[in-house]
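Working notes for the structure below.
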Amino acid sequence: MGYINDIAAFSASADRRAGAGAQASDKGEEICRRLILARKLNHLDQREAAKTLGYSNSSQLSKIEAGQANVSREFIVRAAIAYGVSADYLLGLSNEPERDPRTAEQVAVLRSVQGTVEQNVAAMVTVLLKNAGEVAPLRSHLESLTQRIGQLQEAYDKVCRKNEAFQNDVLAGSILESAVDAAGDAACKAKQFVERRSMIADFRAKAATDDGSYPLFV
């Protein structure tokens with residue numbers, strides 16, 4: 001019976017050692033991953049980072065980042081200083097790279113609302129794109145309408161304004177004349193609106209060409 005208990009105890013001990021080994025391996029991989037992230041946050045390649053860390057070449061840093069060399073406490077401190085991040089971040093004890101606790105707390109709050117902000121922005125973009133799709137045919141209709149009203153005014157001028165018989169003999173001809181004039185004024189304002197929208201569209205297109213972005217609101 002004692003022999004069986006010894007075997008069971010040995011098996012349990014082996015399981016604990018295996019679990020501890022797996023945890024240590026996971027922690028080591030996380031440290032390597034964060035070292036790489038911290039380096040990239042500073043826009044450094046391995047050669048530049050190695051020089052900052054005091055190495056003559058990048059071979060040792062390459063081994064450390066690949067998990068092929070031990071990471072000492074002294075190296076963590078040097079890396080934290082060189083990369084401007086906290087040692088807790090490099091060790092996987094904090095998700096915020098900032099060394100200042102207050103700044104880290106503020107960044108954590110911002111990170112927590114990031115998803116909500118992204119959802120709101122996505123919803124705004126969807127509405128803007130939908131409205132843009134509706135504005136395009138509206139512009140086309142307005143251009144057509146102003147053109148037709150312009151043709152109406154030209155026809156009225158030729159047929160009515162220059163025809164003395166119309167001016168003198170047609171009943172309520174002044175009412176028709178006023179209506180045509182009012183339509184002309186409205187068409188003129190609509191044309192100005194279309195021209196302004198065209199200028200805005202050209203501005204957005206130019207902005208997108210210049211730097212790959214354009215203002216959402218005008």
Contour minus Cα-Cα distance for LYS40 and ALA87 (0.36 nm per residue): 15.3 nm
Using mean Cβ contacts within 10 Å as the protection proxy, how do 50-60, 30-40 order, highest first? 30-40, 50-60
Roughly how many nanometres apart are two label points built 7 Å out from the Cα toward the Cβ at ARG197 and LYS51? 5.6
Pseudo-spin-label distance LEU176 to ASN70, built 7 Å along Cα→Cβ, given in nm, is 10.4
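Just so you know, all these numbers are worked out from the coordinates, no wet-lab data involved. Model, not experiment: these values are computed from the prediction. With ideal geometry, Cβ positions are generated from the backbone for all residues, glycine too; neighbour counts draw on all protein chains shown.
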